[in-house]
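The values are calculated or read from the model by the stated rules, or taken from the named source; none is laboratory data. The structure presented is a predicted model; accordingly, all values stated were derived computationally and were not measured. So basically every Cβ, Gly included, is an ideal-geometry build from the backbone, and we count neighbours across all protein chains shown.
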Amino acid sequence: MKHQIAVFASGNGSNAENLIAYFKKNNFAQVGLVLTNNPNAGVIARANRLKTPVCVFSKKDFQDSNKILEVLNEYQIDWIVLAGFLLLFPENILKRYPNKIINIHPALLPKYGGKGMYGMHVHKAVIENNETETGITIHFVNEKYDDGKVIFQAKTVVESNDTPEDIAKKIHKLEYKWLPKVIEKQIKKGETL
């Protein structure tokens, strides 16, 4: 039986699409569900095109009820991946999935993490602080933003003439290359089937 992965995303969904496509090629795990709190998120069309079920929910559903846990149980989800998802995870989901919720962050944590530090906000801060390198951090999720144990980091050079958009492109390349591989490795490491 394949491990079931749920991907939470709030935006465009390119990382979610990359994960869905990557895991379609193996026989031990698959993205069985995409969840979003944004009814206009690009991830919905991407998931539909790849024939992956989608659940759209409200912030209230996420924070104030067991509705999301019920959906995760219904789809027999084993692992959760956050790919551009901006809400803080509630305690009941964290307890249900200890060390099985993984986030990707577009910076080398602990730098440029925390509430409000996502996407272009991160890349602009990297440039404003004259950083010479940046990268991605893949980490476990806990009750604080970008605070869980680091699983993996990859770096890229920041050139003196880089714009936030240039950095975003470099970060996306790292994300697409490493996120599926790191998720696969974690699943194999924590395999309980």
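State the number of residues belonging to the stretch 78-99 that are surrounded by fewer than 21 Cβ atoms within 10 Å (Cβ to Cβ) and either basic (Lys, Arg) or in a loop (DSSP other than H, G, I, E, B) (or both).
9
Do you know which residues across the stretch 144-162 are assigned to a loop (DSSP other than H, G, I, E, B), surrounded by fewer than 13 Cβ atoms within 10 Å (Cβ to Cβ) and not basic (Lys, Arg)?
As a first pass, look at the stretch 144-162 and keep what is assigned to a loop (DSSP other than H, G, I, E, B): 144-149, 158-162.
Right, trim to surrounded by fewer than 13 Cβ atoms within 10 Å (Cβ to Cβ) and you get 144, 149, 159-161.
If the condition is that a residue be assigned to a loop (DSSP other than H, G, I, E, B), surrounded by fewer than 13 Cβ atoms within 10 Å (Cβ to Cβ) and not basic (Lys, Arg), then 159, 160, 161 are the ones that fit.
List pairs: first in the stretch 81-101 and under 15 Å from residue 183 (Cβ atoms), second among the basic types (Lys, Arg), Cβ under 9 Å, 6+ apart or cross-chain?
99/149
Taking strands (runs of 3 or more DSSP E) that fall entirely within the stretch 1-77, which contain at least 3 residues that are under 12 Å from the mean Cα position of the chain (by Cα) and either free of Cβ contacts under 8 Å to residues at least 60 places away in the same chain or crowded, with 22+ Cβ neighbours inside 10 Å (or both)? Steps first, please.
Working: elements: 3-8, 29-36, 54-56.
Where strands (runs of 3 or more DSSP E) fall fully within the stretch 1-77 and carry at least 3 residues being under 12 Å from the mean Cα position of the chain (by Cα) and either free of Cβ contacts under 8 Å to residues at least 60 places away in the same chain or crowded, with 22+ Cβ neighbours inside 10 Å (or both), they are 3-8, 29-36.
Kindly list the number of the only condition in (1) within 20 Å of residue 15 (Cα to Cα); (2) modelled with pLDDT of 95 or more; (3) more than 15 Å from the chain's Cα centre (by Cα) that fails for residue 136.
Going through the list (1) within 20 Å of residue 15 (Cα to Cα); (2) modelled with pLDDT of 95 or more; (3) more than 15 Å from the chain's Cα centre (by Cα), residue 136 breaks only (3).
Name the pairs whose Cβ atoms lie under 7 Å apart, with the first residue in the stretch 122-150 and farther than 17 Å from residue 87 by Cβ, the second basic (Lys, Arg), and 6 or more positions between them or separate chains?
133/155; 135/155
Kindly list, by first and then second residue, each pair from a residue in the stretch 159-176 that is under 15 Å from residue 124 (Cβ atoms) to a residue that is of a type in the set (S, T, N, Q), limited to pairs with Cβ atoms under 9 Å and residues at least 6 apart or on different chains.
From the stretch 159-176, the pairs are 167/134; 167/156; 170/134; 170/156; 171/134; 171/156.
Limited to the stretch 132-143, what total is found for residues that are in a loop (DSSP other than H, G, I, E, B) and closer than 14 Å to residue 99 by Cβ?
In the first step, residues of the stretch 132-143 are kept if they are in a loop (DSSP other than H, G, I, E, B); the result is 132, 141-143.
Checking which are closer than 14 Å to residue 99 by Cβ leaves us with 141-143.
Final tally of qualifying residues: 3.
Given the conditions (1) more than 26 Å from residue 22 (Cα to Cα); (2) modelled with pLDDT of 95 or more, and given that residue 115 satisfies all but one, which numbered condition is not satisfied?
Unmet condition: (2).
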